[in-house]
Amino acid sequence: MLPPRLAQTLTAWLDERINLEEIREFVRHKVVPVHHHTVWYYFGGMTLFLFAIQVCTGILLLLYYRPSAEEAYESVQFIVTKVQFGWLIRSIHSWSANLMIATLMIHLFSVYFTRAYRKPRELTWVTGMLLFGIALFFGFSGYLLPWNTLAYFATKVGTDVAGQLPIVGHELTRILRGGEDVTGATLSRFYGIHVAILPLLMTGILGLHLFLVQKQGMSAPMELEQSGRPSRTMPFFPNFLLRDLVGWLTALAVLAGLAAYFPWELGTKADPFAPAPAGIRPEWYFMFMFQTLKYLPAKIGPIDGELIGVMGFNLGGLFLLLVPFLDGRTARGQRSPLFSWIGVGIVTYIVVLSVLGYVAPGGK
Amino acid sequence: MDTPANSRRGFVNLLLGSGFGALMVSVLYPVVRYIIPPESGEPSTANVTLPWKPSEIRVNTGRIFKFGTQPGILVKTPAGELRAFSAVCTHLNCTVQYREEKQDIWCACHNGIYDLNGKNVSGPPPRPLEPYRASVKGDQIVVSKGA
């Protein structure tokens, strides 16, 4: 810490130039509603914390990683075997990515079920859904970078799924792959997407998301708002922030435990001329889609089964993106059980299909 | 109100606006074209000679070989006949393999199954595997397009 005299001088210097009083005033008045759903507020902050860890560990990995089909696998192998604490940095990056998607999903569905997307927070929801999409794309592009067998085939399947879209599909697959097949060109592309394009998009949209949250404050449950009773609140600083820190420390403890005791595996190097091995699977958060594609028959009527599946997922995503504008009853301040049931349906579908992906017999 | 001054301002705005629009197009067009990868210059492969002798291949086995940039699969059926197909699953692009115990061609990604004629018999694949012609020329196995 700075000595008090110096801190005072420094604050006064800044105050004269940028008027810190406005910020102080904002912090003094910022409050967080207290009710029996307050606990869900912490998951957004945890997601943000895990994202910060991703940025830091990602930058560290950049120092040794080499993005080419000939060297990618070897460079990750070098990181985890030769570089001091390389195994830890890489393991934290992989585990934190997965925890981040998990807390992000909890955050997303808690906002959904508490209807916090209703007016005036529609844009906060839309930016949040965009961030979710970016996070999934982060996961998909990062998965390929070690250039191992599992990731190679997952990327083949994933980019081919994009090719199922009518009209633009084939060209989209070529753009994603940097050619007709998954090759070193795909690796270069995914690398650029993972370390430049997505971080740029994420920073911009995340900034907007956080700005909206600050501007509008936390949403309280509808019943509480309509009851007319003065709702209980707690000051953001320091009460809520300190609680937030407990959430961050919990996330850090879980992360450290997982990374140290279950180091992320590297697997075998990708070989484009080897058959896809048994037990091939994507990351857990794509598992429900993967499992759905297994169950769909080759043809449903005249249409390819996989096209139906892909369109279904797109429509599901579009529904979630636009839900503040579709849920008219909530917008009018009425109860809307239909959207609760749709939410329950979506969560159940994701959970059941994901579990099936891990326990259902695979074939061989 | 459509005063001369207003319409003059409108005209200048239109000019500036379309100039800016044209600038954006001239910047974005090369970027979009740049992102789309060029067509591969490699000629499409018509036939390959495999690196194995016919006598090396055991009955009821399958091997993956390089057919240009794509994987192919060579199968020696239980009856001793050599057959070749593209090894690219018609469902979502994974590479298939031969299962000796079930005597079929199997894709591990989504559990798609083909018979020994390359026909899709179970699971999600919508089409048969592309067949190739496998022929024995002296001590060599030559695989060519079209069966």
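Counting partner chain Cβ atoms within 10 Å of every residue's Cβ in B:85-93, what's the average?
On the way: counts 0, 0, 4, 3, 5, 1, 9, 12, 13.
Counting Cβ atoms of other protein chains within 10 Å of each residue's Cβ and averaging gives 5.
In whole percent, how big is the carbon plus sulfur part of the accessible area of chain A, probe 1.4 Å, protein atoms only? Could you put the intermediate results ahead of the total?
Values: 13750 of 19400 Å².
On chain A, the fraction of accessible area on carbon and sulfur atoms equals 71 percent.
With a point put 7 Å past each Cα toward its Cβ, work out how far A:VAL246 is from A:ALA196 in nm, to one decimal.
Simple spin-label model gives 4.5 nm for this pair.
What accessible surface, in Å², does a 1.4 Å probe find on A:TRP40, ignoring ligands, DNA and RNA and rounding to the nearest 10?
100 Å²
How far is the Cα center of the range A:252-281 from the Cα center of the range A:99-173, in Å?
Each part's Cα centre sits 20 Å from the other's.
Once Rh is set to the Kirkwood radius over Cα pairs, what Stokes-Einstein translational diffusion coefficient, in µm²/s, holds for the range A:108-244 at a temperature of 10 °C and a viscosity of 1.306 mPa s? The partial results should precede the final answer.
On the way: Rh = 18.0 Å.
Value of D from the Cα-based Kirkwood radius: 88 µm²/s.
So how exposed is A:CYS56, as accessible area in Å² (1.4 Å probe, rounded to 10)?
80 Å²
For the range B:12-147, what does the relative contact order come out to in percent, with C-alpha contacts under 8 Å and a separation of six or more? Each step should come with its number before you reach the end.
Values: 238 pairs, mean separation 26.7, N = 136.
Across the range B:12-147, relative contact order equals 20 percent.
Residues of the range A:113-139 with amide nitrogen under 11 Å from the 7 Å Cα-to-Cβ point of A:GLN216?
Counting only backbone N, you get A:116-128.
With the crude spin-label approximation of a point 7 Å out along Cα→Cβ, what separation in nm comes out for B:TYR34 versus A:SER68?
2.2 nm
Per q in 0.18 1/Å, what log10 I(q)/I(0) does a Debye calculation on the alpha-carbon atoms of the range B:92-131 return?
For the requested q values the scattering log ratios are -0.39.
Which whole number gives the average count of other chain Cβ atoms within 10 Å of the Cβ atoms across peptide B:122-135?
Working: counts 3, 6, 11, 3, 8, 2, 0, 0, 0, 0, 0, 0, 0, 0.
The per-residue average across the peptide is 2.
Please give the Cα centre distance for the range B:72-147 versus the range A:199-241, rounded to the nearest Å.
The two parts, judged by their Cα centres, are 58 Å apart.
Taking H placed 1.01 Å from N in the peptide plane, check which residues at least 5 places from A:ILE300 or on another chain put their amide H under 5 Å from its amide H.
Sorted by chain and number, the residues that satisfy this are A:GLY305.
Summing -39500 (n - 2.57) over the DSSP H runs of n ≥ 4 in the protein assembly as shown and dividing by its residue number, what mean residue ellipticity at 222 nm do you reach, to the nearest 500 deg cm²/dmol?
Numbers: 17 runs with 275 residues, N = 511.
Computed mean residue ellipticity for the protein assembly as shown: -18000 deg cm²/dmol.
List, in order, the whole-Hz ³J(HN,Hα) value for each residue of the range B:70-80 obtained from phi through the Karplus relation with A = 6.51, B = -1.76, C = 1.60 and θ = phi - 60°; use x for Gly and Pro.
Karplus-based 3J(HN,Hα) across the range B:70-80 equals 9, x, x, 10, 9, 10, 9, 5, x, 7, x Hz.
Highest mean first, how do B:135-143, B:121-129 rank when packing is the count of other Cβ atoms within 10 Å averaged over residues? Could you put the intermediate results ahead of the total?
Details: B:135-143: 13.4, B:121-129: 18.8.
Averaged packing, sorted descending, gives the order B:121-129, B:135-143.
Taking the Cα atoms only, what angle lies between the long axis of helix A:72-81 and the longest principal axis of chain A, rounded to 10 degrees?
That helix lies at roughly 60 degrees to the long axis.
Let me confirm one metric for peptide A:149-156, namely the mean number of other chain beta-carbon atoms within 10 Å of its residues' beta-carbons.
Per-residue shielding by partner chains comes out at 2.
Using θ = phi - 60° and the Karplus relation 6.51 cos²θ - 1.76 cosθ + 1.60, list the HN-Hα couplings for the range A:39-54 in order, rounded to whole Hz, with x at every Gly or Pro.
Calculated HN-Hα couplings, in order: 4, 5, 4, 6, 6, x, x, 5, 4, 4, 4, 5, 5, 4, 5, 4 Hz.
Probe 1.4 Å, all protein chains in place: accessible area of A:LEU338 in Å², nearest 10?
That residue has around 110 Å² of solvent-accessible surface.
Pop out the ³J(HN,Hα) list for the range B:57-66 in order, Karplus 6.51 cos²θ - 1.76 cosθ + 1.60 with θ = phi - 60°, rounded to Hz; leave Gly and Pro as x.
7, 6, 5, 6, 9, x, 9, 8, 10, 8
Using a 1.4 Å probe, what is the accessible area per residue for chain B, in Å²? Don't skip to the answer; put the middle values down first.
On the way: 8480 Å² over 147 residues.
Ligands and nucleic acids excluded, the figure is 58 Å² per residue.
Could you list the residues of the range B:70-90 with an amide nitrogen less than 19 Å from a label point located 7 Å from the Cα of B:SER122 in the Cα-to-C-beta direction?
Inside the label zone: B:78, B:89-90.
Keeping all protein chains in place and using 1.4 angstrom, which order do A:LEU99, A:LEU60 fall into by accessible surface area, from largest down? Can you show the working numbers first?
Values: A:LEU99 40, A:LEU60 80 Å².
Putting A:LEU99, A:LEU60 in descending order of accessible area: A:LEU60, A:LEU99.
For the range A:1-81, what are the per-bin percents of Cα-Cα distances with bins 10 Å wide, up to the bin holding the maximum?
The calculated distribution, bin by bin, is 13, 18, 21, 24, 17, 6.
So, counting K/R as plus one and D/E as minus one, what does the shell of residues with Cβ under 11 Å around A:PHE237 add up to? Write out the running numbers ahead of the final one.
Values: positive: A:ARG24, A:ARG28, A:LYS30; negative: A:ASP244.
With Lys, Arg at +1 and Asp, Glu at -1, the neighbours total +2.
For the peptides A:259-272, A:226-239, B:58-71, A:4-17, what is the packing order when you average, over each peptide's residues, the other Cβ atoms within 10 Å and list the highest mean first? Please list the in-between numbers first.
Working: A:259-272: 15.2, A:226-239: 11.9, B:58-71: 17.1, A:4-17: 10.3.
With the highest mean Cβ count within 10 Å placed first, the list reads B:58-71, A:259-272, A:226-239, A:4-17.
Classify the range A:215-312: rounded, prolate or oblate, from the alpha-carbon gyration tensor (a ≥ b ≥ c, eigenvalue square roots; a/c under 1.5 rounded; otherwise prolate if a/b is larger than b/c)?
It is oblate, given that a/c is not under 1.5 and a/b is not larger than b/c.
Take every Cα pair under 8 Å in chain A that's 6+ residues apart, average their separations, divide by the length, and report that relative contact order as a whole percent. All intermediate terms of the calculation are to be shown ahead of the outcome.
Working: 337 pairs, mean separation 91.5, N = 364.
Taking the mean separation of contacting Cα pairs over the length of chain A, I get 25 percent.
Considering only protein heavy atoms, with the full assembly of protein chains and a 1.4 angstrom probe, order A:TYR349, B:TYR114 by accessible area, largest first.
Working: A:TYR349 95, B:TYR114 0 Å².
Largest accessible area first, the list is A:TYR349, B:TYR114.
Where the convex hull is taken over the Cα atoms of the range A:317-364, what is its projected area averaged over directions, in nm²? Provide the component values of the computation, followed by the final result.
On the way: hull surface 16.9 nm².
For the range A:317-364, the mean projected area of the Cα convex hull comes to 4.2 nm².
Cα axis of helix B:4-35 to longest principal axis of chain B: angle in degrees, 0 to 90, nearest 10?
Here the helix axis deviates by roughly 20 degrees.
What ranking, highest mean first, results for peptides A:148-158, A:285-295 when packing means the other Cβ atoms within 10 Å averaged over each residue? List each step's numbers first, then the result.
Values: A:148-158: 23.5, A:285-295: 19.6.
The densest-packed peptide leads the list: A:148-158, A:285-295.
What are the residues whose amide H is under 5 Å from the amide H of B:THR61, where those residues sit 5 or more places off or on another chain and H is modelled from the backbone?
Here the answer is B:LYS76, since their amide H atoms fall under 5 Å of that of B:THR61.
Regarding the range A:9-159, what whole-number volume in Å³ per residue does the convex hull of its Cα atoms give?
On the way: hull volume 29.6 nm³, N = 151.
Roughly 196 Å³ of hull volume per residue.
What whole-number volume per residue, in cubic angstrom, does the convex hull of the C-alpha atoms of the protein assembly as shown give?
Numbers: hull volume 124.9 nm³, N = 511.
Here the figure is 244 Å³ per residue.
Where does chain B land on Rg/Rh, using Cα atoms and the Kirkwood Rh?
Numbers: Rg = 27.8 Å, Rh = 19.1 Å.
Expressed as Rg/Rh, it is 1.46.
Please compute the modelled spin-label separation between B:THR69 and A:SER188, points set 7 Å along Cα→Cβ, answer in nm with one decimal.
Roughly 1.2 nm, to one decimal.
Taking only Cα atoms of the range A:278-364, what ratio of Rg to Rh do you get with Rh as the Kirkwood inverse-distance radius? Provide the component values of the computation, followed by the final result.
Working: Rg = 16.0 Å, Rh = 14.9 Å.
Reported Rg/Rh (Cα atoms, Kirkwood Rh): 1.07.
What is the mean projected area of the alpha carbon convex hull for the range A:35-105, to one decimal in square nanometres?
5.4 nm²
When the Kirkwood hydrodynamic radius is evaluated over all pairs of different C-alpha atoms of the range B:33-101, what value in angstrom, to one decimal, is obtained? Write out the running numbers ahead of the final one.
Values: mean 1/r = 0.0717 Å⁻¹.
Evaluated on the range B:33-101, it is 13.9 Å.
With charges only on Cβ, +1 for K and R and -1 for D and E, what is the dipole size of the protein assembly as shown about its Cα centre, in debye, rounded to 20?
Numbers: 44 positive and 33 negative charges, 120 e Å.
The dipole of the protein assembly as shown has a size of about 580 debye.
The values are calculated or read from the model by the stated rules, or taken from the named source; none is laboratory data. Quick caveat, the model's predicted, so the values are computed rather than measured. Here Cβ is always computed from backbone atoms with ideal geometry, including for glycine, and neighbour counts include all displayed protein chains. Ligands, DNA and RNA are excluded from the accessible area calculation, which covers all protein heavy atoms including side chains. Shrake-Rupley method; radii C 1.70, N 1.55, O 1.52, S 1.80 Å.
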